[in-house]
Amino acid sequence: MKPSDEEGRAVRAAMAGELRLLDPAVRASPEAVTELLDPEFTEFGASGRRYDRASILAVTSAVEEGGPGPDVSELSGTLLAPDLVHLTYVTERDGRLYRRSSLWRRTGEQWRMYFHQGTPAGPARAAAGNPADTPGGAA
């Protein structure tokens, strides 16, 4: 089934916001991060720690602007309700993979991240060099 124009616009807006939040230049700006996070934002980080908007602002404002962001793959999204988009994707940083899931909520015309979860997914396949780490690989 082909997504509707509304669904496509909503998913693209959420994806654009997600990619902005992964940009080190944006993460270094508390104003930019505030614009992208819902006031009721919650995150379960890959460390298992729970974050709210204020604690994320404290962490992201300490990020240096010049470094590269993580590699992103498998980014996809679904419109769950008229003002709610679910995104999933994988990031790779320092040879480690993380599966990520975000909910983006629209208030007025503004899309903001409402919830995020990161889950460690092991070493990157290229780094692992283990056929068992690939789909259909030997167990």
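Every number in this text was worked out from the coordinates using simple rules, so none of it is lab data. The shown structure was predicted, so the numbers you read here are calculated from the model rather than taken from an experiment. No Cβ is skipped: glycine too gets one built from the backbone with ideal geometry, and neighbour counts run over all protein chains shown.
Summary table below
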| item | result |
| --- | --- |
| Linear extension gain, residue 44 paired with residue 16, 0.36 nm per residue minus alpha-carbon span | 8.0 nm |
| R0 of 25 Å, Cβ-Cβ distance residue 101-residue 7: FRET efficiency to nearest 0.05 | 0.85 |
| Gyration tensor (alpha-carbon) shape descriptor, region 1-124, a/c threshold 1.5 | oblate |
| Qualifying trypsin sites (Lys or Arg not before Pro) for region 6-65 [loop in DSSP, other Cβ within 10 Å: at most 10] | 49 |
